[in-house]
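The values are calculated or read from the model by the stated rules, or taken from the named source; none is laboratory data. Not measured: the values here are computed from a predicted model. Neighbour counts are summed over all protein chains in view; Cβ atoms, including those assigned to glycine, are modelled from backbone coordinates with ideal geometry.
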Amino acid sequence: MKKLFTFLATALIATGALAQDYPNRPIKVVVPFSPGGAVDGPMRAIAEQLGKRLKQQVIIENKPGAGATIGAEMVAKAPADGYTLLLASQTVTISASLYPKLSFNPIDDFVGISLLGREPGVLVVHPSVPVKNVAELVAHVKARPGDVNYSSSGNGSGQHLFMAMFTSMAGIQPVHVPYKGSGQATTDLLAGTVQMSIPGTQAMLKHISAGKLRPLATTGVARSPLLPDVPTLAESGYKDYSAYVWMGLLAPKGTPPAIVAQLQRELKATLATPEVTNFMNDAGIEIVGSTPAQMDAYFREERDRWARIVKQTGAKID
């Protein structure tokens, strides 16, 4: 028993020393998406300012593929020392249901640091669709079974499940047309090849301003400041609907709480810097800056939300 107490005391001292000395080398943030994506740019802006506060370089490493599971697995299996972190999004929580045979647990193998920010989607239709609001869209689709379709960036993607949740609540069945990425999905939406979609708000603003797309509703709990005249889906009769493209920082399970707490404090301060605030505002991202406990809770809530939608719709990966 004495040896056990000695071992535990030594382990606690070692953990405390590790946290006290942290960070003494560069920190890597794995972004499980391609460079230039919706969350890659904001994370780079955050990393630059966070590195200044920590007095260590914060390096971004892109590891895209397989619904963000390639990058997530890399971090889950990394040493739990605070030097390898994961930028998570709703895609990670969706993949927890779509990839049942992973070699790691996409939820339980991580601890939350902070929910950084979130952006609502926007329900848009091609101008050829003769509707001006959500109620008219629902009636339009119901009157034309099998003739109205919607685009997404792929089976099981956020765009797919944002729309699947809406169509399930509305009791309509438009045809899903999945693409391999948002680029071609947007191109065909603008051409009228597909009639509607729920992409991220910021990326659609120029098309909305040009009259190439008509916004009917946004997906957040409150109206987007980028589209203040556009109601939310909750306002449009679907009171329990909310969905966001979000970004949060995670660490491998077992990371010392002192290191997690330090990172959260520095991230909170980083999110308040003019450089990050201006970047996020321009990108249409609402800054959150949660506690680790709030990030953990949100991560699991998102897992449960999308698991229900995957089950209801039978969504599968490509």
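General remarks:
- Scope region 222-247; condition in contact with a Phe, Trp or Tyr (Cβ under 7 Å, 6 or more places away or on another chain) and within 23 Å of residue 280 (Cα to Cα); matching residues: 243
- Some residue of region 293-305 being surrounded by 21 or more Cβ atoms within 10 Å (Cβ to Cβ), outside any loop (DSSP other than H, G, I, E, B) and out of contact with any helix residue (DSSP H, G or I) (no Cβ under 8 Å at 6 or more places or on another chain): yes
- Qualifying strands (runs of 3 or more DSSP E) (wholly inside region 94-190; at least 2 residues being among the hydroxyl-bearing types (Ser, Thr, Tyr)): 149-152
- Selection within region 208-228 - more than 27 Å from residue 317 (Cβ to Cβ), in contact (Cβ under 8 Å) with a residue 60 or more places away in the chain and not in a strand (DSSP E or B): 208, 211, 212, 213, 224, 227
- Taken over region 14-38, the residue count meeting the criterion of being surrounded by 15 or more Cβ atoms within 10 Å (Cβ to Cβ), at pLDDT 90 or above and not charged (D, E, K, R) is 7.
Listed here are the residues, each with its yes/no results for (1) surrounded by fewer than 23 Cβ atoms within 10 Å (Cβ to Cβ); (2) under 29 Å from residue 207 (Cβ atoms); (3) touching a helix residue (DSSP H, G or I) at 6+ places or on another chain (Cβ under 8 Å); (4) not assigned by TED's automatic domain parsing to the domain that holds residue 199.
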position	(1), (2), (3), (4)
74	yes, no, no, yes
78	yes, no, no, yes
83	yes, no, no, yes
87	no, yes, yes, yes
94	no, yes, yes, yes
102	yes, no, yes, yes
107	yes, no, yes, yes
114	no, no, yes, yes
126	yes, yes, yes, no
